[in-house]
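Let me begin by presenting the structure, written as structure tokens, before commenting on it.
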Amino acid sequence: MDFEFTPEEEAFRGEVHKFLDENLPAEGGRDPASVAKWNKLVREKRWVGFSWPVEVGGGGGDIMQQVVLKEEMARRKAPPLGSCFMGLAWVGPAIIEYGTEEQKQKFIPDILDGKYQWCTGYSEPDSGSDLASLKCKAVRDGDHYVVNGQKIWTSIAMWSKWMILLVRTSANPDDKHDGITCLLVEMDSDGLEVRPIKNMAGGAMFAEVFFNDLRVPVENRLGDEGQGWRVTISALAHERSGIAEIHGLLRSLEAITELARTCRKNGKPAVEDPGIRRRLVKAGTRIEAMRLNGMRFLTKQLKGEKVGPETSINKLHRAALEIELGELALEIQGSAAPLMKGAADVPDDGRWQTFALSWPEVVIGGGTPNIQKNIIAERILGLPKD
Ligand SMILES: Cc1cc2nc3c(=O)[nH]c(=O)nc-3n(C[C@H](O)[C@H](O)[C@H](O)COP(=O)(O)OP(=O)(O)OC[C@H]3O[C@@H](n4cnc5c(N)ncnc54)[C@H](O)[C@@H]3O)c2cc1C
């Protein structure tokens, strides 16, 4: 494996540095107007959807340039490239791969411009890990599908204009995977109701979504009828192929190390405590292991191969790290740990209390640790299916 960057890639890094020096809003001054200006500038640079084909308005950038771009953005703590998170992460790539020309023209520019949000209607009350057992039903009626059923844990459903939705179009038990179809649904349609769910950290960022004779035009089907599973696998591969996730973890580790410098344990700065130091170093080592594993996906991508089950290794490490870092931050705070945001004397304005209660977002969302272990056991280690 060659860890060096080519002169062209280093020249591109220089271009990114220059752009950031000239345009990055200061961390403390990121009000909505300066973030909007930033979004416009990075869109003009074609750095939003950087790796998407030029024909759909993307940057046509290659994989290594994308790595350089993401690394430099993360190092300088820049705002995200584009504001339509799910649109950029998997809805857009799925539309580019499976969409009609009309769908591409209708949705891709808005995703790149961040005009509105997308949400993802996959999970149901009895279909999470075993997603292919989903029951939400769509029946063809002329040039529409009529949808009835329920989704749950739908992140940002309250603020989204569109949803990528999986429905069952065949009741034949032999068609488990082939009986699933993907529809693109406008959230303000009649027959669709959103009920927010409050999480244990006090936020309400996900919801239940109910469908009651919702009518969806056939032209809003993504891919063929019965092809929804393939569309989803391809969409989720985009979710899991990023190596940028380690930068977020590194930033948390840096901030927790700083916290350990300011909080005291046994009369000394907590960072001098051997137990705390060991855990900080262990977390750093684990992040480095994730970075190197990320290089494995990258190598595969550079060879034109599909990224496979090795992404589950990073998902599993990340789940463990999110829990470990949250617990460590609270331990470092000692007697201040039980304080909540808003309490007097709570360190870092209660940021770590919220962090420690937010682990389900990354640990459960996108596949639980048990499911990742099953994938690693069966598809990497070749163990029999349990
Ligand atoms: C913060 C957050 C955001 C989310 N956002 C979305 C979203 O936007 N859209 C969406 O569709 N979904 C979303 N989800 C749902 C998420 O995808 C599911 O929660 C996840 O797939 C697990 O499904 P489940 O909750 O039904 O748990 P289950 O599948 O019922 O699992 C329950 C327990 O059983 C274990 N288990 C299940 N099957 C196996 C097995 N075969 N072997 C070993 N153990 C097993 C699991 O590991 C888990 O511990 C979100 C979840 C969270 C927490």
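Considering every residue within the range 186-193, establish whether at least one is within 22 Å of the chain's Cα centre (by Cα), open to solvent by 10 Å² or more (accessible area, probe 1.4 Å) and within 16 Å of the ligand (Cβ to nearest atom).
Looking for residues that are within 22 Å of the chain's Cα centre (by Cα), open to solvent by 10 Å² or more (accessible area, probe 1.4 Å) and within 16 Å of the ligand (Cβ to nearest atom), one finds at least one in the range 186-193, hence yes.
Which pairs do you get when a residue that is free of Cβ contacts under 8 Å to residues at least 40 places away in the same chain and under 14 Å from T120 (Cα atoms), found in the range 163-191, comes within reach of a residue that is open to solvent by less than 20 Å² (accessible area, probe 1.4 Å) and part of a strand (DSSP E or B), reach meaning Cβ atoms under 9 angstrom, with the pair 6+ apart or on two chains?
E186/W162; E186/M163; E186/V216
Of the conditions (1) in contact with a Lys or Arg (Cβ under 8 Å, 6 or more places away or on another chain); (2) part of a loop (DSSP other than H, G, I, E, B); (3) exposed (fewer than 13 other Cβ atoms within 10 Å of the Cβ), P309 clears all except one; give me its number.
Result: P309 fails condition (3) only.
If you take the residues in the range 98-153 that are on the phi > 0 side of the Ramachandran plot and more than 9 Å from the ligand (Cβ to nearest atom), which one is modelled with the lowest pLDDT?
The first filter runs over the range 98-153 and keeps only residues on the phi > 0 side of the Ramachandran plot, leaving 114, 142, 149, 153.
Now drop any that are not more than 9 Å from the ligand (Cβ to nearest atom), which leaves 114, 142, 149.
Working: G114: 94, G142: 97, G149: 98.
In this case the residue turns out to be G114.
Looking at (1) more than 27 Å from M86 (Cα to Cα); (2) away from the ligand (no atom under 16 Å from the Cβ); (3) open to solvent by 30 Å² or more (accessible area, probe 1.4 Å); (4) assigned to a helix (DSSP H, G or I), can you tell me which one R291 breaks?
For R291, the exception is condition (1).
Among (1) outside any helix (DSSP H, G or I); (2) away from the ligand (no atom under 16 Å from the Cβ), there is one condition L330 misses while meeting the rest; what is its number?
(1)
Out of the range 351-366, which residues are within 6 Å of the ligand (Cβ to nearest atom), closer than 14 Å to G203 by Cβ and not in a helix (DSSP H, G or I)?
Across the range 351-366, the qualifying residue is only G365.
Is it the case that E310 is within 26 Å of G121 (Cα to Cα) and charged (D, E, K, R)? Step through it out loud before you land on a result.
Numbers: within 26 Å of G121 (Cα to Cα): yes; charged (D, E, K, R): yes.
Judged against the criteria, E310 is a match.
Taking the condition part of a loop (DSSP other than H, G, I, E, B) and not small (G, A, S), does F12 pass?
Working: part of a loop (DSSP other than H, G, I, E, B): no; not small (G, A, S): yes.
The answer is no for F12.
List the number of the failed condition for T232; all other conditions in (1) outside any helix (DSSP H, G or I); (2) open to solvent by less than 30 Å² (accessible area, probe 1.4 Å); (3) of a type in the set (S, T, Y) hold.
Result: T232 passes all but (1).
Each row is one residue, and each column tells you yes or no for (1) under 25 Å from R278 (Cα atoms); (2) without any contact (Cβ under 8 Å) to a residue 12 or more places away in the chain; (3) out of contact with any Gly (no Cβ under 6 Å at 6 or more places or on another chain).
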{"residue": "E324", "(1), (2), (3)": "yes, no, yes"}
{"residue": "A329", "(1), (2), (3)": "yes, no, yes"}
{"residue": "G334", "(1), (2), (3)": "yes, no, yes"}
{"residue": "D349", "(1), (2), (3)": "no, yes, yes"}
{"residue": "A356", "(1), (2), (3)": "yes, no, no"}
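Residue check: is G202 surrounded by 15 or more Cβ atoms within 10 Å (Cβ to Cβ) and at positive phi?
Numbers: surrounded by 15 or more Cβ atoms within 10 Å (Cβ to Cβ): no; at positive phi: yes.
Taking the combined requirement at face value, the residue does not satisfy it.
For E44, work out the one condition from (1) within 16 Å of the ligand (Cβ to nearest atom); (2) loosely packed, with under 15 Cβ neighbours inside 10 Å it doesn't fulfil.
The failed condition is (1).
What is the number of the single condition among (1) within 16 Å of the ligand (Cβ to nearest atom); (2) at positive phi; (3) without any contact (Cβ under 8 Å) to a residue 60 or more places away in the chain that G342 does not meet?
Tallying (1) within 16 Å of the ligand (Cβ to nearest atom); (2) at positive phi; (3) without any contact (Cβ under 8 Å) to a residue 60 or more places away in the chain, G342 fails exactly one: (1).
Inspect all residues belonging to the range 85-95 and state whether any of them is more than 16 Å from the ligand (Cβ to nearest atom) and farther than 25 Å from I246 by Cα.
Yes: the range 85-95 contains one or more residues that are more than 16 Å from the ligand (Cβ to nearest atom) and farther than 25 Å from I246 by Cα.
Going by what's in this entry, would D174 be described as modelled with pLDDT under 95, of a type in the set (D, E, K, R) and open to solvent by 80 Å² or more (accessible area, probe 1.4 Å)? Give the steps one after another, and end with the answer.
Values: modelled with pLDDT under 95: yes; of a type in the set (D, E, K, R): yes; open to solvent by 80 Å² or more (accessible area, probe 1.4 Å): yes.
So D174 passes the test.
The values are calculated or read from the model by the stated rules, or taken from the named source; none is laboratory data. Here the structure is a predicted model, which means the values were calculated and not measured. Cβ: placed from backbone, ideal geometry, glycine included. Neighbour counts: every protein chain shown. For accessibility, only protein heavy atoms count, side chains too; no ligands or nucleic acids. Shrake-Rupley method; radii C 1.70, N 1.55, O 1.52, S 1.80 Å.
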